[in-house]
Structures are given as C-alpha cells and as structure tokens.
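Laboratory data are not the source of any read-out in this text; all were calculated from the coordinates shown. Because the structure is predicted, anything quoted here is derived from the model rather than measured. Positions of Cβ are backbone-derived with ideal geometry, glycine not excepted, and every protein chain shown enters the neighbour counts.
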Amino acid sequence: MTIGEKIKHLRKKQDITQEKLADYLNITYQSVSKWENNTAMPDISMIVPLANFFGVTTDELFDLDRSKKEAVLREYDEKSTLLKNQGKVRENHELWREAVNIYPNDYDCLQKLAYSLCDVSMSNGFSDEEQSAATKEGIAICHRILDDCTDDEIRSGTIQVLTYLYSSSGNQEMAVKTAEKAPSMYCSREILLIGAYEHSDPRFISVRAENDMGFLDLLHQDILLADRKNNAETIQACNALLTIWNTLFYDGNFLFYHCRIQNIYTKLAAIYAEEGNRDHTLASLQMAKYHARMTDDLPDGDIPYSGIFFDGATFNRKDTSKNYTETHTETVRRFTEQKCFDFLRDDPEFIAFQNSF
C-alpha cells in the first residue's frame with residue numbers, strides 16, 4: 001500500500017472528506033487528491049501532522065508495520081499447519097482465537113478461526129455444548145466475513161466452511177442456499193489453470209495430475225459414504241473403488257492415498273464381521289493395517305507420485321491435516337474394539353492380530 005493509498009484508507013475509515021483534511025492541514029484539497037491518486041507525495045513537513053491527525057505512528061502511515069504483521073501471520077500459519085498435521089484440534093482453535101484477538105479485522109484470520117470452529121463442531125473430544133457453541137459462533141463469523149470482505153478467495157473459502165457448519169448443525173436448507181452461492185466446479189481455479197497453462201509448461205502437467213487425484217478422491221468419498229440398500233451392494237461398491245485405485249496407481253505408489261484404501265478395508269471388515277464371515281473379516285483387517293502403516297511410515301519432504309496418470313504431482317506429509325491425534329495404525333487397532341468383532345474375541349488369529357500392534 002502506497003502512502004497515498006494509506007492516507008485514503010485512513011481518511012475514509014474516519015469518514016473525513018478530502019476538503020476537511022485539507023482544511024486541517026492548511027493545504028488545498030487538490031493536494032490531498034494528488035496524494036491519494038499517487039501523482040504526488042506529501043512534503044516531508046506534512047508527515048508528522050498527517051500521522052497525528054489520523055492518530056497513527058509515522059511507521060503505520062508508511063505502512064512499515066505491514067511487513068511485521070505479515071511475518072507474525074506466517075508464524076501462525078506455520079504453527080497451525082503443524083497442529084493440524086498432528087490432529088490437535090483444540091490447540092489449533094486456540095491459536096486462531098489468539099490471532100483474531102490481535103488482528104480482529106483481518107479476514108484471513110477470521111476465516112481460519114471459522115475453519116477451526118468447524119473442526120471443533122465435528123470432532124471427538126468436545127462436549128455437545130462446546131460443539132453447539134462452536135457451530136453458532138462459526139456461522140456468525142462467516143456471515144460477518146461475507147458481509148464485509150471483498151476478497152474473492154476468502155469469500156469462496158468462507159462459503160465452504162459456512163456450508164459445512166450449517167450442515168453439521170442439521171440446517172439443510174441454509175446449507176444448500178449457501179452452497180449454491182459457490183461457483184460451478186468448471187469455474188474453479190484448478191479447472192481454469194488447465195486452460196491457462198500451455199501444455200508444454202511443466203506446471204500444466206503438475207496441475208493436471210493434482211486435479212485428477214482430487215477428482216478421484218471426491219469420487220472415492222461419494223462412493224464410500226453413499227447409503228446402499230444392503231451389504232452386498234456396499235461390498236460391490238468397495239471392491240469397485242479398490243479396482244479404480246489399483247488401476248490408476250498400478251505401481252502401488254499410493255503415498256497419501258494409502259489412508260483412503262485403509263478406509264475401504266475397514267468398511268469391508270465391519271460388513272464381513274456383521275455377516276460372521278471370519279476369513280474375509282480377518283483379511284480385510286490385515287489390509288487395513290498394512291495401508292495404515294504405509295501412511296504412518298511415509299517419510300518427510302516432497303515425494304513424487306509416479307506412473308503415467310499422476311507423474312508430476314508430489315506429496316508432503318506436513319501439508320496433511322486430521323482431527324484426531326492417533327496414528328492411522330492406532331485407529332485400526334481401536335476399530336477392532338467395535339462390537340461387530342465380538343464373534344472373533346476368542347479366535348487365535350484375531351488375538352494375534354490385535355497383539356501385533
């Protein structure tokens with residue numbers, strides 16, 4: 001922000017006309033207009049009077065505190081990335097609460113606080129009262145952002161989290177109305193970048209690969225979470241998903257998506273357990289454990305995907321987030337405590353499986 005833009009911002013913030021500011025400084029309003037249009041700079045003798053008039057420091061007038069704020073917010077982002085990676089929902093929420101207390105009118109901070117409230121509303125480890133209060137506050141913050149913020153990217157993210165908050169509160173009508181305000185998927189940044197880059201540009205290859213993985217992940221969620229008429233249909237859907245994953249990641253280099261395949265096998269294990277199918281239950285649990293450990297054992301740093309479909313995309317575990325502190329392997333171990341597995345409690349192979357963690 002130039003000093004002229006800063007003067008204009010402070011003047012409008014205090015609802016002062018150019019003429020009134022000029023009168024106070026004993027100059028012409030045309031001089032103020034030239035400053036604000038960046039066609040002229042205030043004389044050095046005007047700097048202190050300007051700062052005193054607006055009640056700010058000279059550093060703030062020159063926007064020198066902006067770089068300090070940006071550095072502080074980068075630290076918050078780095079801490080938040082680490083906390084989300086570790087599944088520490090409460091700590092991440094408290095972090096953004098602190099940031100908003102420092103920068104109450106920063107829309108990016110407010111949006112991240114709203115996201116943290118959404119996590120609270122849908123995570124274990126919080127009371128019903130805490131979740132209800134988080135949902136209510138998150139909705140209020142989102143509406144404040146949408147009422148006042150003009151940044152398209154922040155508004156888009158706010159529409160997303162507001163939809164989730166309304167959905168988690170059971171207000172389907174408002175969730176639908178909010179979701180309908182979002183642009184079509186064909187107008188998303190990811191799709192438009194495909195059309196923007198030349199095909200020879202390495203970024204085109206990377207974006208296309210990441211988009212395809214994203215679409216595959218959406219397909220996975222839609223198929224896995226859909227309600228089926230019976231267990232046979234659910235088993236068929238799970239096996240279809242496994243076929244898709246194994247066909248596209250034909251070299252087994254699933255990286256992050258090991259956790260998605262883990263989810264498929266845990267679902268299969270529960271269904272087979274309901275049907276009393278010992279062998280299929282145990283086989284599914286073994287596969288769930290394998291993919292959970294593959295997820296937990298992923299090394300740090302950027303790791304490339306491979307194969308003809310996703311070559312060009314990379315994965316870095318520090319960029320992932322979750323809403324629980326357990327490892328993926330620990331979630332499989334806890335999963336076996338469900339009642340549906342009671343018929344295997346005395347089975348030697350099942351006991352050995354549980355003791356293998």
**Asked** Over region 285-357, what per residue volume does the convex hull of the Cα atoms give, in whole Å³?
**Response** 126
**Message:** What does the net charge come to around Y166 if you take all other residues with beta carbon closer than 9 Å to its beta carbon, with K and R at +1 and D and E at -1?
**Reply:** 0
**Prompt:** Cα axis of helix 89-102 to longest principal axis of the chain: angle in degrees, 0 to 90, nearest 10?
**Reply:** 0
**Request:** Once you've got the GNM for the chain with C-alpha springs shorter than 10 Å, pick whichever of A133, A313, A51 has the biggest mean-square fluctuation.
**Result:** A51
**Item:** Under Karplus coefficients 6.51, -1.76 and 1.60, residue-wise ³J(HN,Hα) of region 340-353 in Hz, glycine/proline x
**Value:** 4, 8, 4, 5, 10, 4, 9, 6, x, 5, 5, 4, 5, 4
**Asked** Regarding region 166-219, what are the three Cα extents along the principal axes, ordered largest first, in Å?
**Response** 47, 20, 12
**Sites K136 and E180 - FRET efficiency at Förster radius 35 Å, r taken between beta-carbons, to 0.05** = 0.95
**For region 206-260, with +1 on Lys and Arg beta carbons and -1 on Asp and Glu, the positive-most of F249, T234, I223 along the dipole** = T234
**Asked** Quick one: what do you get for the chain if you divide its Cα Rg by 2.2 N^0.38 Å?
**Response** 1.31
**Complete:** Among S45, V332, Y166, the residue whose Cα sits farthest towards the positive end of the charge dipole of the chain, when +1 is placed on the Cβ of each Lys and Arg and -1 on the Cβ of each Asp and Glu, is S45
**Fill in**
With DSSP loop assignment and no more than 14 other C-beta atoms within 10 Å, the trypsin sites (Lys or Arg not before Pro) in region 276-319 are none
**Complete:** Calculated from DSSP helices alone, with each H run of at least 4 adding -39500 (n - 2.57) and the total divided by the residues of the chain, [θ]222 nm to the nearest 500 comes to -21500 deg cm²/dmol
**Prompt:** Between F315 and residues 5 or more places away or on another chain, which pairs have amide H atoms under 5 Å apart, with H built 1.01 Å from N, and which residues are they?
**Reply:** I303, Y305
**Fill in**
Rounded to the nearest 10, the angle in degrees between the Cα long axis of helix 65-85 and the longest principal axis of the Cα atoms of the chain comes to 10
**Complete:** Taking every other residue with Cβ under 15 Å from the Cβ of K12 and scoring Lys and Arg +1, Asp and Glu -1, one gets 0
**Request:** Per residue of region 284-296, in order, report the coupling 6.51 cos²θ - 1.76 cosθ + 1.60 (Karplus, θ = phi - 60°) as ³J(HN,Hα) in whole Hz, putting x for Gly and Pro.
**Result:** 5, 5, 4, 5, 4, 5, 4, 6, 5, 5, 4, 5, 5
**Asked** Once the piece of chain linking D222 and T314 is laid out straight, how much longer is it, given 0.36 nm per residue of separation minus the C-alpha distance between them?
**Response** 30.7 nm
**Asked** Per residue Cα convex hull volume for region 97-174, in cubic angstrom?
**Response** 81
**Item:** Phi to ³J(HN,Hα) by Karplus 6.51 cos²θ - 1.76 cosθ + 1.60 over region 122-130, Hz, x for Gly, Pro
**Value:** 10, 10, 6, x, 10, 6, 4, 5, 5
**Computed over region 102-141, the ratio Rg/Rh where both radii use C-alpha atoms and Rh is Kirkwood** = 1.02
**Asked** Cα-based Rg of region 1-46 per 2.2 N^0.38 Å, rounded to two decimals?
**Response** 1.02
